Amino acid sequence: MKKFIITFLILIFAAINCNIAQASKISPEILHNMQTAYYDTGDTQKVLNAVLTTLYDSDYTIEDYDQDLGLIRAKKTFKAKYTSKKRIAGWSAVLLAASAYTAFSYGATAASMYSPTKRIATEMKEKTVIADVNVLIEQVDTNKTMVRFVPIERVLQNADGYSFVKAAPVKIFRMYKPDVYKEFFSQTEKNLCL
């Protein structure tokens, strides 16, 4: 019995402290270079129209638009699968403890396994994601315009894991994927040529 309890405690400890892959940290200079593109035109209005067209084509809704400052704020809502390995590991440990308790009580406490099972299932579902985008357009030279594209995503789900609350996002993060920036800037360049 003593070996069983020690093994059980080791399993719980391992489930709680499992190795979770962290997002790699990117230096601010590299991030700034990924977020910035330069176009060979001094006509900021033309670049602004190309950026607006790119955002509309990507299903963004323009929230704020200041032509004088060259600032555009846009938003898009979509569903995506974002699973938190920490939350799954935590609820798995609770489920493991509830299962052991149920086994020791000969099934009398089987209802205690419902909540962690439900929360793990909810964590595996698609979540509502709001992508906020800030775009700054600035004329650098007489024939060069800079565009800085900064996307931020908010994963919406309240802390108990059951319902979506727009005021309480679970995770807010910046995009560190170079493909997102390349796609936006290449589409903007295509729209600029049209």
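Screening the range 72-86 for residues that are outside any loop (DSSP other than H, G, I, E, B) and open to solvent by less than 60 Å² (accessible area, probe 1.4 Å) and picking the one that is nearest to residue 50 (Cα to Cα) gives 72.
Across the range 39-71, the number of residues qualifying as over 21 Å from residue 152 (Cα atoms), open to solvent by 50 Å² or more (accessible area, probe 1.4 Å) and either in a strand (DSSP E or B) or of a type in the set (Lys, Arg) (or both) comes to 1. Residue 49 satisfies every condition listed in (1) in contact with a Ser or Thr (Cβ under 8 Å, 6 or more places away or on another chain); (2) modelled with pLDDT of 85 or more except (1).
The values are calculated or read from the model by the stated rules, or taken from the named source; none is laboratory data. Here the structure is a predicted model, which means the values were calculated and not measured. We place every Cβ from the backbone using ideal geometry, glycine too, and count neighbours over all the protein chains shown. Surface accessibility is based on the protein's heavy atoms, side chains included, excluding ligands, DNA and RNA. Shrake-Rupley method; radii C 1.70, N 1.55, O 1.52, S 1.80 Å.
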